[in-house]
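Shown next, in structure tokens, is the structure this report addresses.
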Amino acid sequence: MPNPLVAVVGRPNVGKSTLFNRLTGRRIAIVEDTPGVTRDRLYAPVEWKGRDFTVIDTGGIILNEHDPLMVQVRQQAEIAMDEADAILFIVDATDGLMRADQELANALRSSKTPVFLVVNKADNQKQLMDAMEFYALGMGQVYSISSIHGHGLADLLDDVVSVLPTTEEEIDDDTVRLAIIGRPNVGKSSLTNAILGEERVIVSPIPGTTRDAIDTPVEWNNHKMLLIDTAGIRRAGKIQGGIEFYTVLRAKTAIERCHVGVVVIDAHEGLTDGDKRVAGLAHEAGRACVMVVNKWDLIDPGIERGKRPNKELIIEFTNNLRDEMPFVAYAPLVFTSAKFNFSVAEVLDTALECAQNFAHRIPTGELNRLLRDAVESHPRMERGKQLKIYYATMPRVQPPTVLMFVNDPEMIHFSYLRYLENQIRKTYPLEGSPLVIRARKAENKERDTD
């Protein structure tokens with residue numbers, strides 16, 4: 001099951017991003033004393049007393065604002081609240097109770113989701129006393145905190161995690177988890193149904209039909225798999241202005257749980273910026289990736305009649321995708337038509353192969369010999385100094401990660417890392433999997449690698 005979601009909402013400039021950064025332990029959100037700085041939604045994992053959840057930082061909400069940008073921010077915040085398992089309603093102790101707070105409180109009263117009234121910027125005794133004013137909102141307990149100093153957060157988080165739904169560890173370690181991700185209406189649910197051979201997921205031409213992430217176990221060629229079909233927009237009225245945020249949010253929560261991201265693209269619509277963003281999520285999360293070009297029957301009608309696919313059309317689409325999305329050059333492409341069950345089995349075969357490559361470990365001796373040969377064939381020189389790789393190992397897989405101990409890590413330009421990656425990929429089965437290569441300064445430069 002995906003991690004519970006906690007949405008941070010409130011009018012502009014009450015300290016939502018500061019609280020977000022405090023909860024996540026990282027400076028992710030930009031913090032300025034300017035209303036409306038946070039426009040794009042941010043989300044990050046948080047752990048408190050053994051409970052994991054995802055916190056969402058939203059833009060400032062002004063309910064009666066007519067500015068188009070603010071309207072879009074409000075719509076995206078409303079989507080976050082609609083999907084959240086708990087809502088942190090943030091107000092400002094230094095400003096006191098304002099009309100915008102009252103309007104937002106009125107809107108939140110109808111929510112079935114637990115709402116926590118959080119008075120931020122209660123940094124001293126006077127402001128702690130001023131926070132009592134917010135009991136007038138009639139929203140129950142008032143949590144006085146200081147996001148900057150961390151005061152009051154422990155009590156707040158204790159109560160927040162107590163209302164979050166519990167997650168289930170529903171699968172064993174041998175199960176390959178596939179997240180079927182993509183823009184709305186590219187055929188994710190149709191592909192899932194074609195894989196399962198039955199109508200297990202509602203399919204509709206209206207974007208946003210799938211309301212919640214649906215997990216379906218399946219066995220394929222004696223391999224256990226779990227298909228994670230990601231949701232679309234919850235309510236049709238939220239499509240305008242909020243579709244991009246919601247797509248990314250659902251894709252990200254699914255990717256957090258998967259081994260392989262199955263990125264579905266609509267062949268008829270062609271490659272879009274939305275496709276690139278979704279694929280980028282799988283890449284940035286370090287997951288294996290398969291690109292599924294669905295609805296291929298609309299490009300190559302012959303497959304509907306059982307003819308062989310047109311290779312020239314496939315090559316043309318492949319070259320265009322490789323040019324537009326070089327960051328997932330390692331991801332294989334599968335051309336399918338879920339409608340006519342064309343190459344659907346190949347999606348599973350390819351995903352299983354990618355999952356195996358995702359867990360591939362290169363023996364230490366072989367890795368060191370390969371890198372030594374690569375450096376000898378193409379030395380890296382800078383200001384008369386030569387790069388030396390003294391030792392390399394793979395501390396982890398999923399994704400395969402190479403750690404090199406070198407004389408000077410700053411000498412390794414990204415182009416040289418790409419060269420080393422290509423040398424490794426030529427030798428080992430890593431198609432579909434990202435490969436992480438890191439360099440660290442060797443403590444003992446005279447270390448013998450033989």
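Things to note:
- Per-residue surface analysis assigns Thr94 an accessible area of about 80 Å², computed on protein heavy atoms at 1.4 Å probe radius.
- Listed pairs Lys49/Lys112; Lys112/Lys295; Lys188/Lys426; Lys388/Lys426; Lys276/Lys339; Lys252/Lys311 exceeding 30 Å between Cα atoms: Lys112/Lys295; Lys188/Lys426; Lys252/Lys311
- Full extension of the segment from Tyr419 to Arg369, taken as 0.36 nm per residue of separation minus the current Cα-Cα distance, would add 16.4 nm.
- Distance in nm between pseudo-label sites at Met139 and Asp323 (7 Å out along the Cβ direction from Cα): 5.2
- Efficiency of FRET between Glu304 and Ala359 - r from beta-carbon atoms, R0 30 angstrom, step 0.05: 0.20
- Pairwise FRET efficiency - Asp82 versus Lys311, Cβ, R0 = 51 Å, nearest 0.05: 0.65
- The range 304-418 - percent relative contact order, Cα under 8 Å, separation 6 or more: 17
- Taking each residue as 0.36 nm, the span from Lys112 to Gln125 lengthens on full extension beyond its C-alpha to C-alpha distance by 1.3 nm.
The values are calculated or read from the model by the stated rules, or taken from the named source; none is laboratory data. In this text, all values refer to a predicted model and were calculated from it rather than measured experimentally. Here Cβ is always computed from backbone atoms with ideal geometry, including for glycine, and neighbour counts include all displayed protein chains. These accessible areas exclude ligands, DNA and RNA; they are computed on the full protein's heavy atoms, side chains included. Shrake-Rupley method; radii C 1.70, N 1.55, O 1.52, S 1.80 Å.
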